[in-house]
Structures are given as structure tokens and as C-alpha cells.
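First up is the structure itself, then whatever we jot down about it.
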Amino acid sequence: MKKNFDVIIVGMGPSGLVLAGLLANYGIEVGIFEKNKSTVKEPRAVSIDDESLRILQSFSSHQAVLRNVSQNYGSHYYDAKGKLFLKVEPNSCENGFFKRNAFDQPTFESALRKHLESKKNININFSHKLVSIKNETKSVIANFEDSKGIKKSFLGRYLVGCDGGQSTVRDLIGVVMKGSTFNQKWLVVDIYKTRNFFRHTQVYCNPKRPSITLPGPNGIRRYEFKLNDKERSEKLSEDFTRELITSVGVDGEAKIRRSQVYQFHALICSDWKKNSVFIAGDAAHLSPPFAGQGMNSGIRDVGNLGWKLALAVKRPKSRNILETYFLERKEHCWALINLAIRMGKIMMPKNSLESFVNASFFRLIKLNKKLLSYVSQMKYRPKPKINKGIVFFHGKETRNDKKLIGTLFPQPLVQDKKGILSNLDEVLGNKFSLICYIKNHETYISLEKYLNKFSKTCRVVVLLNHSCMIFPSRHKVVRDFNNLLEKMDTRVPENSILLIRPDKLVSAIYKKNNLHYLSNLLNNNEIFSF
Ligand SMILES: Cc1cc2nc3c(=O)[nH]c(=O)nc-3n(C[C@H](O)[C@H](O)[C@H](O)COP(=O)(O)OP(=O)(O)OC[C@H]3O[C@@H](n4cnc5c(N)ncnc54)[C@H](O)[C@@H]3O)c2cc1C
């Protein structure tokens, strides 16, 4: 038997790399294994969202990634006649980042890999293929084969299969995927040095040839074309590919980086954990790419699992928390798969009549400001929201509070007493924290003695409404610099104390008259002080 690890990660795609980054941040000993010689070279995902960037921020790798990201683009939708019928151009940044950003998956993976190489507690192993496991309740033995056929075994407390759509780990723990596989095939082509300088995605909802072009960073452009029944060969000629590109723009002569035919799936596993073994990312679910969410969902999985694994390693008595992983993730993950299916239906009308009806519907929406903002600001994208798991209700919450609990706390830019600006999460840190959100000094005075007591268990941050000046305090005091919180659809209640999870979901909300519930919670549970 070789080395012991706290956590063994199988697969160095986005999910595995991000999970390793998250665990490294908590000082967890990680062995990460990849069957190939390097991270994947195929260009696949092209869109990274605000929630993923926020997760990267939690282990300080967002800046390196953002260097090769073209931030903040939208989508323009065209009908069968090529007429524009809808613009989706979200510009809000409630998570501290823009909602849609163009990136290149191989460049992204190599930035994450570089980040991991600088971490002493991360042991990186390429050319190691997982072949079998011995999965017990408190440990797991993972057996690998290297490129020379040499067998190696490693012991871990936990193992996470981030090994993609063809997951070996999924098969080894005996869970199956359920859902649908679509008959349609799509040709996906990436080209270098685009001459199409339009910033947004162009979606041609043409029943004869649904197609999409998406901007990428550094002059890359993605083209996607739905293939007809007769065109189902994996080896479509280059001339044919160029003809298709020419049909939607000016890049017909461009150098082709890669072209591949894909078939899409909408599948999810019925469980993501067995004993000490978990699955995450494409190993646990597969989404059609129309909402650009496959990889982003995988990053959210490990954002949910990472801190729980760290906690279970550091406080083994609390390892039950790991049972909440699938419970908290499954609904949101499936909601995004369904969103992708719905978006696919808009992109692929069956005939001209359906194309006309779709386009007319969206043209009518423009007459209603609220509906227009719902669509153009991408409010249709389901937000993470959990009602069960690590969320706490004391029964005195308002309707608004109930809406906020289980969702991501917004991430405003905040200013401290020295005038320094930072993103809120940097002030909160990566463990449980308490945000005391207030508008005036008098309220703070009335809550101060409680905050002093609570700060013995977890970090306390006093977050001031935009209208309040920073005052002296023994706790960290920051001000909502751009008044983001007042602009949120779900109001953050003033004069309240919010329990924030390490992954920045709101876990509970308390007012002055029910703080005894918070005291009890913090006193009787070791998870808050890990
Ligand atoms: C055409 C296309 C467009 C897409 N566009 C988007 C988009 O815009 N936005 C988005 O969010 N998503 C998109 N996706 C989806 C996205 O690419 C995937 O969801 C993402 O790559 C999944 O990441 P992962 O880490 O879970 O798995 P993978 O990226 O598949 O990584 C799994 C890794 O595990 C390794 N592995 C497998 N088996 C073993 C083993 N036995 N031992 C050791 N290692 C093993 C593999 O070699 C691989 O490196 C798109 C996908 C496609 C095909």
C-alpha cells in the first residue's frame, strides 16, 4: 500500500481540479489522479458563469482564470428568416462576477493545474488509471494502473470520482444514470482568428439548420450546427464544415482548431455517494449544452462537497454532513438540465410555424417591462435554493426570510475603515460566518454583546447598508459600496444576523428577539467552528 490521503480525486477535468483547489485551501491532503498524460486538450465548454467564478475566488484562482476570459457577453436570437427576435444581455453582478463569460476549457484547466502545482498538500499524478476500489464506511482503497501497466494502490478516507461522462467510479459504486439521450447530433467546430467581431452569442433558430456561434477569448470562435439525419457521419468533410460556417458568417476560410460531432444527454444519477465514495460533475449528471451549464453544474457540485469533506476530515464526528451533498444538489442540477432542454426547443423549432410562434412570443414579451427584464437579465436561470440540508429554520422567519434561506448571499463590493475595497467573500473567509446587516449605529449597539459572544464560535462581519458610515468596532465592519443589497429582488433584511455557510449559502436568519435560537445552534454543534 502506498501513501495515505485524506481525499483521493479521480479525474483532472474542471470538477476534479476545482475540488482539489478547494480542499488545498483547507489544508487537506489530496491525491489527484488522471488517466491521461495531461489535462484534456479538447475544447468543450465555452461559457463560465458567475457562480463558478465565485467558487474559484474562494481559493484565489479566479484572477489567473479571468486573464483568459472574455467577460460579460449575451445572446441574440434570430428567427427562421434571420430576423432578430430576442436579446439576452444580463449586466447585473450579484455574485461579484458577470453572469456569462467566454472561456477556453483547456486554457482554464491548465491555469487550475498550475495553481495546484504550487500547493504542498496536493499530490498530482498523471497517467494513472483507476481500475478498482475497496469502498468501506471509513476508508477507501483505490487501485490504479500507470502507463507502464504497473499497479499502485492508495488509501484514502474519501474518494471522489470526477471522472466524466464515462465514469469508472460511477460503475464501481453501482449507481446508474437516468434520463434521456437525444437522437440529434451536433457538429461543434472551433476556429482560430475569427473575423466575426460580434460580442454576443448568435443563435439561429432556423428549423432547416439550427446553429449557434459563440465568441471565445483570444480570437477563438465556436460554431455549432445541428446535423440532419443523412449527415450523421463522424467524418464530415472539411468542405462541408466550411460551407456550414459560411452560412452563418465570415469565418468560412478560418483555420479550424477542432471539429467534432456530439450527441447530447439529459441524465442524472439516482445517488452520488456510497460509503466513502462520491461522484461529481459529468460523472453524476450530463446536460445538453444549450444553457452552457454542464461544467458549471459540476463546479457547483464540488463547491457544495469541498467544505463538507474538509469538515468531515477535520471533525470526523460530523461526517454525517456528507449525507446532505446529493440532497442539496440534485434539484438544482436537474432544474438546469431542464432549462437546457427548454432552450434547445427554442433553438430547434420543428418547422417555420413553430419558429414564428416562438419569435412572436418573445417579441410580445418586450411589451412588458417585468417580463422583459426576466428574460433579458437571465432571471429564468434557476438559482441554487435548498430547503433541506444545512439550513435552519426557527419558525419565526418572514416569507422574505424563507425565500432567502438556502440561496447564495449576494457578493457586493465592500469598503472597510481604511477605504480598501474588496469582494465580500474575501472578508467572510471559507468557514461559517455571521453577517450582521444593519443600517445604523444604534442597532449595532443593541446587538454588540451578542456578536461578541458569537464571535467565539465563528467569524462575525458587520455589513453596513450603503447609507451608513463606518464606525469603530471590535468586529470587522464593511460597507456595501455600490448599494447592491438594496437592489436585490429578494431583500436582505436589515437589523438581522445571517448565518452564512462556507459556500456562501444563507443557512439561517435571526432578529434580535430570536437570537437565543442562534446561541443554541452554535453551542450545540461543532460544524460551525471547524
Ligand atoms: C460541445 C460541448 C460544449 C459544452 N459547452 C459547455 C459550456 O459552455 N459550459 C459548461 O458549463 N459546460 C459545457 N459543456 C460540458 C463540459 O465540457 C463538461 O460538463 C465538463 O467538462 C465536465 O467536467 P468534469 O470534470 O466533470 O469531467 P471531464 O471534463 O470529462 O473530466 C473527467 C476526467 O477524468 C479522467 N478519467 C476518466 N476515467 C478515469 C479513470 N478511470 N482514471 C483516471 N482518470 C479518469 C478523464 O480523462 C478526464 O480528464 C460542453 C460539453 C460539450 C461536449
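Please treat every number below as a calculation from the coordinates, not as lab data. Predicted, not measured: the structure shown is a model, and the values here were computed from it. So basically every Cβ, Gly included, is an ideal-geometry build from the backbone, and we count neighbours across all protein chains shown.
Does any residue in the range 70-97 that is free of Cβ contacts under 8 Å to residues at least 24 places away in the same chain come within less than 6 Å, Cβ to Cβ, of a residue that is assigned to a strand (DSSP E or B) six or more places away or on a different chain, and which pairs are these?
LEU84/HIS76; LEU84/TYR78
In this structure, does GLY216 turn out to be closer than 30 Å to ILE8 by Cα, small (Gly, Ala, Ser) and within 16 Å of the ligand (Cβ to nearest atom)?
So GLY216 does not fit the description; no.
Table: residues versus (1) under 25 Å from the mean Cα position of the chain (by Cα); (2) surrounded by fewer than 17 Cβ atoms within 10 Å (Cβ to Cβ); (3) within 16 Å of the ligand (Cβ to nearest atom); (4) closer than 30 Å to LEU309 by Cβ.
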{"site": "SER237", "(1), (2), (3), (4)": "no, yes, no, no"}
{"site": "PHE240", "(1), (2), (3), (4)": "no, yes, no, no"}
{"site": "LEU244", "(1), (2), (3), (4)": "no, no, yes, no"}
{"site": "SER247", "(1), (2), (3), (4)": "no, yes, no, no"}
{"site": "VAL250", "(1), (2), (3), (4)": "no, yes, no, no"}
{"site": "GLU253", "(1), (2), (3), (4)": "no, yes, no, no"}
{"site": "ILE256", "(1), (2), (3), (4)": "no, yes, yes, no"}
{"site": "HIS265", "(1), (2), (3), (4)": "yes, no, yes, yes"}
{"site": "SER270", "(1), (2), (3), (4)": "yes, yes, no, yes"}
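Filter the range 188-245 for residues that are assigned to a strand (DSSP E or B) and among the aromatic types (Phe, Trp, Tyr) and give the result.
Residues satisfying the conditions are TYR204, TYR223, PHE225.
In the set PHE108, PHE154, PHE182, which member is crowded, with 16+ Cβ neighbours inside 10 Å, touching a residue at least 12 places away in the same chain (Cβ under 8 Å) and closer than 23 Å to ILE212 by Cβ?
PHE108
What do you reckon, is GLU145 within 29 Å of GLN411 (Cα to Cα) and either in contact with a Pro (Cβ under 7 Å, 6 or more places away or on another chain) or within 11 Å of the ligand (Cβ to nearest atom) (or both)?
It is false that GLU145 is within 29 Å of GLN411 (Cα to Cα) and either in contact with a Pro (Cβ under 7 Å, 6 or more places away or on another chain) or within 11 Å of the ligand (Cβ to nearest atom) (or both).
Check SER297, SER318 and return the single one that is near the ligand (Cβ under 10 Å from one of its atoms), small (Gly, Ala, Ser), part of a helix (DSSP H, G or I) and touching a Leu at 6+ places or on another chain (Cβ under 9 Å).
SER297 is the lone residue from the list that is near the ligand (Cβ under 10 Å from one of its atoms), small (Gly, Ala, Ser), part of a helix (DSSP H, G or I) and touching a Leu at 6+ places or on another chain (Cβ under 9 Å).
Output the residues belonging to the range 313-346 that are touching a helix residue (DSSP H, G or I) at 6+ places or on another chain (Cβ under 6 Å) and hydrophobic (A, V, I, L, M, F, W, C).
Passing the criteria: ILE321, LEU322, CYS333, LEU336, LEU339, ALA340, MET343, ILE346.
Run down ARG315, ARG258, ARG319, ARG300 and say which single residue is closer than 24 Å to ASN196 by Cα and basic (Lys, Arg).
ARG258
Can you pull out the residues in the range 23-61 that are more than 10 Å from the ligand (Cβ to nearest atom) and under 13 Å from the mean Cα position of the chain (by Cα)?
Within the range 23-61, ASP50, GLU51, LEU53, ARG54, ILE55, LEU56, GLN57, SER58 meet the criteria.
Scan the range 272-294 for residues that are within 12 Å of the ligand (Cβ to nearest atom) and polar (S, T, N, Q) and report the count.
2
Given the criterion touching a residue at least 60 places away in the same chain (Cβ under 8 Å) and among the acidic types (Asp, Glu), identify the matching residue among ASP171, ASP239, ASP190.
The unique qualifying residue is ASP190.
Which one of these is within 23 Å of GLU397 (Cα to Cα) and over 28 Å from the mean Cα position of the chain (by Cα): LEU463, LEU447?
Being within 23 Å of GLU397 (Cα to Cα) and over 28 Å from the mean Cα position of the chain (by Cα) holds for just one of LEU463, LEU447, which is LEU447.
In this structure, does TYR78 turn out to be surrounded by 17 or more Cβ atoms within 10 Å (Cβ to Cβ) and more than 22 Å from GLY298 (Cβ to Cβ)?
When the stated conditions are applied, TYR78 passes them.
Inside the range 87-169, counting only strands (runs of 3 or more DSSP E) that do not spill past its ends, which hold 1 or more residues that are over 22 Å from TYR73 (Cβ atoms)?
122-125, 128-135, 140-146, 151-161
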